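This report concerns only the one structure given below.
The values are calculated or read from the model by the stated rules, or taken from the named source; none is laboratory data. This one's a predicted model, so the numbers in the text were calculated from it and none came from an experiment. Positions of Cβ are generated from backbone atoms using ideal geometry, with glycine treated the same way; all protein chains shown enter the neighbour counts.
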Amino acid sequence: MILQGNVRGYIYPITQQAYDEPIDGAKRCRRCGRKFEASRNRRYCSEECRKAANLEKHRERSRKYQEMKRRARIA
C-alpha cells in the first residue's frame, strides 16, 4: 500500500511493509530464539535462558574490564 507522508511540508510516498508471520502475541527468546508467550518485559523464554544470558554478559564485561586494567598497567 502506498501512502502519502507529510514531514515539514514535504510530501513523499511511503510503502507499508507486510509482516512475514501472523501476529500471535509471541516473542522470540533473545538467547535461544525459541518462541514463548509474551508477558510484560520478558526477554527470555525461561529462567535458565535468562541466567545463562546474564552469565555470558557478565563474562564478557569482566573480560573487557580485565583487558582495560591490563592496558592501564602497561601504559
Condition first: assigned to a loop (DSSP other than H, G, I, E, B) and modelled with pLDDT under 85. Can you find one or more residues in region 60-75 that meet it? yes
May I ask you to verify whether residue 57 is surrounded by 10 or more Cβ atoms within 10 Å (Cβ to Cβ), assigned to a helix (DSSP H, G or I), modelled with pLDDT of 95 or more and within 15 Å of the chain's Cα centre (by Cα)? yes
Conditions: (1) part of a helix (DSSP H, G or I); (2) aliphatic (A, V, I, L, M); (3) modelled with pLDDT under 95. Residue 52 meets all but one. Number of the miss? (3)
